[in-house]
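Input: a single structure, listed below in structure tokens.
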Ligand code: UDP
């Protein structure tokens, strides 16, 4: 069996990964494809906790319009619930492939999943279960990137792997600028000073404060999740040095 260089990783997957190509909502074939990659990655002897986004269903920010009848905090709670739907779908996809899993939610939901308790999450990971962390941090006004950074620190992860729909961090938006440059390495300071859109400022600052490396890569490229989990050079690695 090939081994990963890491003992434990947090794999953050944007909700976009679960939507049908170019659409919104949940496409089971997209989820199963990612689940297959997670299973392959797990076979490298690494502990994996997933933090799932909810942007394929709902983001709190989409309700921040003038005259909106919904409080922004309410909208963020709705976004957190969207991540729970993704987590349940991912759980069944992984279990159908023979992986043992636990969903843990940051908002208590008896009858749906376990509450997130750090020490219990660690026990599940040590037993080789994929722990799916849902409902973000449980608090509004942040995104699941912040949740991923937070969990990476408290679960003593070796790295935060951020699976997204672009190949890594670019000098400008590659979907708008054909001359955008893809970086292979960046420092936290580069990300912050150049205002590179990698993840929330709060999330990247937290990683910088505690020296948690972050790798940003494209989940749509087959084999990339496994490569990232094994510590191979895909996408952009963010750390203390650029
Ligand atoms: N959210 C929140 N607190 C959290 C995590 C998420 O309020 O700790 C809300 C927020 O509105 C966010 C939505 O849930 O927009 C869905 O998460 P996110 O946008 O991070 O999903 P992704 O873009 O990764 O699919």
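The table for this structure:
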{"read-out": "Considering residues of region 112-146 that are outside any helix (DSSP H, G or I) and away from the ligand (no atom under 16 Å from the Cβ) only, the residue farthest from residue 55 (Cα to Cα)", "value": "127"}
{"read-out": "Subset of region 2-43 [modelled with pLDDT under 95 and on the phi > 0 side of the Ramachandran plot]", "value": "22"}
{"read-out": "Subset tally (residues that are away from the ligand (no atom under 15 Å from the Cβ) and either out of contact with any helix residue (DSSP H, G or I) (no Cβ under 6 Å at 6 or more places or on another chain) or part of a strand (DSSP E or B) (or both)) for region 5-48", "value": "18"}
{"read-out": "Number of the condition not met by residue 89 [criteria: (1) closer than 17 Å to residue 43 by Cα; (2) in contact (Cβ under 8 Å) with a residue 60 or more places away in the chain]", "value": "(1)"}
{"read-out": "Any chance residue 157 is surrounded by 20 or more Cβ atoms within 10 Å (Cβ to Cβ), over 12 Å from the mean Cα position of the chain (by Cα) and part of a loop (DSSP other than H, G, I, E, B)", "value": "yes"}
{"read-out": "Answer from 93, 152 - the residue that is more than 16 Å from the ligand (Cβ to nearest atom), crowded, with 23+ Cβ neighbours inside 10 Å and part of a helix (DSSP H, G or I)", "value": "93"}
{"read-out": "Pick from region 170-195, criterion surrounded by 17 or more Cβ atoms within 10 Å (Cβ to Cβ) and in contact with a helix residue (DSSP H, G or I) (Cβ under 7 Å, 6 or more places away or on another chain), ranking: farthest from residue 211 (Cα to Cα)", "value": "191"}
{"read-out": "Counted residues, region 96-111 - those being within 16 Å of the ligand (Cβ to nearest atom) and either under 19 Å from residue 44 (Cα atoms) or in contact with a helix residue (DSSP H, G or I) (Cβ under 8 Å, 6 or more places away or on another chain) (or both)", "value": "6"}
{"read-out": "Pair list, Cβ under 8 Å, 6 or more apart: region 47-62 residue at positive phi, other residue part of a strand (DSSP E or B) and within 8 Å of the ligand (Cβ to nearest atom)", "value": "none"}
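The values are calculated or read from the model by the stated rules, or taken from the named source; none is laboratory data. Small disclaimer: the values here were computed from a predicted structure and weren't measured. Cβ atoms come from the backbone with ideal geometry, glycine included; neighbour counts cover every protein chain shown.
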